[in-house]
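Report on the following structure.
The values are calculated or read from the model by the stated rules, or taken from the named source; none is laboratory data. The structure displayed is predicted, hence computed values, not measured ones. Cβ: placed from backbone, ideal geometry, glycine included. Neighbour counts: every protein chain shown.
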Amino acid sequence: MLAAPEGFYDVSELVTPSQKKLMLFSGRSHPELAEEIAQELGCEVSPTKLYDFANGEIFVRFEESVRGSDAFVLQAHAEPLNKSIMEQLIMVDALKRASAKRITVITPFYGYARQDKKHNGREPITARLMANLFATAGADRLMAVDLHTSQIQGFFDGPVDHLFALPILSDYVGKNVDRERLTIVSPDAGRVRVAERWTDVLGSPLAIIHKRRDPNVPNQVSVLEVVGDVQDRVCVIVDDMIDTGGTITKAAETLFDEGAAEVVVTATHGVLSDPATERLKNSRISEVIVTDTLPIPTEHRFDKLTVLPIAPLIARAITEVFKDGSVTSLFRD
């Protein structure tokens, strides 16, 4: 082998074995969740300077090198929703420009997911727009918990890790509800497939609530009938989110009208927009069970609300992605 000419570096001496470096970043919307995930991973949340200019624009700067890192950017799309999303987009852009090797966007609750298709003319498909924005910012991968519909995975031209809170929620329900009297209830036709997974796990019968929405009044539904036997049963309504609580409370009243002995509500995302807290607190629902994919402030908590931790699930998924393992293996059983 010829020696390098005088005055030139021998490049072979500069080559070192490649070592992957996991870095976890968090926006300002749900720092408690980021800290819990970091504790599960045995790492620290990477220091980031985040603040608002006087006109509301967001400034981001990472306080240590991210070059060559496997970066995971966590942000709960919580109120103020648009600001939370914009902050995460800016963080992704900063990581891309700072030469992070791979950027995974973690959105425990994926904002704008409800508009995943056009119901009428001249409407947007904002779930697709969100995916486009993250791709343009520089994201290589998306990770989310219980997307509103599975088709959203196809909106992003890259890997999407779709995590499910069902094992966490169903384990809690199975241990705290009389399984001999348990009936799983889908609040509408769109959630039937999810409800069927619950019945597979808990070995319970299924009931479906047939409803019709008023297209001219957002968040208002007209419950028509219950398909299935709920007489003297402990009914567990399973949904992906609770927003204003209108759908859930009307569904519960319909079940009681059909003879249900007790109604429990489970949902992955506790959005709990006003007046959800008052509606749920004053309803005949026995317990409302959600995860902490979104921060739930003190004023939105009430005695019947149970909040289960999502950090262990997200941490395990991050570990599988970092090790180039299988996220699907987390749900195989």
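Brief remarks follow.
- In the set GLU278, GLU299, GLU320, only one residue is surrounded by fewer than 19 Cβ atoms within 10 Å (Cβ to Cβ), out of contact with any His (no Cβ under 7 Å at 6 or more places or on another chain) and assigned by TED's automatic domain parsing to the domain that holds PRO80; that residue is GLU320.
- Among the conditions (1) over 27 Å from VAL194 (Cα atoms); (2) in contact with a helix residue (DSSP H, G or I) (Cβ under 8 Å, 6 or more places away or on another chain), the only one that VAL145 does not satisfy is (1).
- All conditions in (1) closer than 22 Å to ILE242 by Cα; (2) buried (at least 20 other Cβ atoms within 10 Å of the Cβ) hold for ALA131, with the sole exception of (1).
- Residues (within 12 Å of THR268 (Cβ to Cβ) and crowded, with 19+ Cβ neighbours inside 10 Å) located in the range 150-165: LEU163, ALA165
- Checking LEU41 against (1) within 21 Å of ALA94 (Cα to Cα); (2) modelled with pLDDT of 95 or more, the condition it does not meet: (1)
- Residue in the range 80-92 that is in a helix (DSSP H, G or I), in contact with a Leu (Cβ under 7 Å, 6 or more places away or on another chain), hydrophobic (A, V, I, L, M, F, W, C) and more than 30 Å from VAL230 (Cα to Cα) present: yes
- In the range 134-149, residue surrounded by the fewest Cβ atoms within 10 Å (Cβ to Cβ) [restricted to those that are not in a loop (DSSP other than H, G, I, E, B) and not hydrophobic (A, V, I, L, M, F, W, C)]: THR136
- Just one residue in the set THR266, THR291, THR306, THR247 is of a type in the set (Val, Ile, Thr) and at pLDDT below 95; that residue is THR247.
- Set LEU305, LEU280, LEU272, LEU294: member being on the phi > 0 side of the Ramachandran plot and in contact with a Gly (Cβ under 8 Å, 6 or more places away or on another chain): LEU272
- Any chance ALA113 is among the aliphatic types (A, V, I, L, M), under 21 Å from MET241 (Cα atoms) and touching a helix residue (DSSP H, G or I) at 6+ places or on another chain (Cβ under 8 Å): yes
- Taking the listed residues ALA317, ALA276, the one that is at pLDDT 95 or above, of a type outside the set (Val, Ile, Thr) and closer than 22 Å to VAL185 by Cα is ALA276, with no other qualifying.
- Residue within the range 287-298 that is more than 15 Å from the chain's Cα centre (by Cα) and either among the polar types (S, T, N, Q) or not in a strand (DSSP E or B) (or both) present: yes
- Residues in the range 150-177 that are touching a residue at least 24 places away in the same chain (Cβ under 8 Å), within 18 Å of MET241 (Cα to Cα) and outside any loop (DSSP other than H, G, I, E, B): GLN151, ILE152, LEU163, LEU166, PRO167, ILE168, LEU169, SER170, TYR172, VAL173.
- Filtered by the rule that a residue be in contact with a helix residue (DSSP H, G or I) (Cβ under 9 Å, 6 or more places away or on another chain) and not in a loop (DSSP other than H, G, I, E, B), the range 42-56 gives VAL45, THR48, LEU50, ASP52.
- Looking across VAL60, VAL66, one residue alone is in a loop (DSSP other than H, G, I, E, B) and aliphatic (A, V, I, L, M). It is VAL66.
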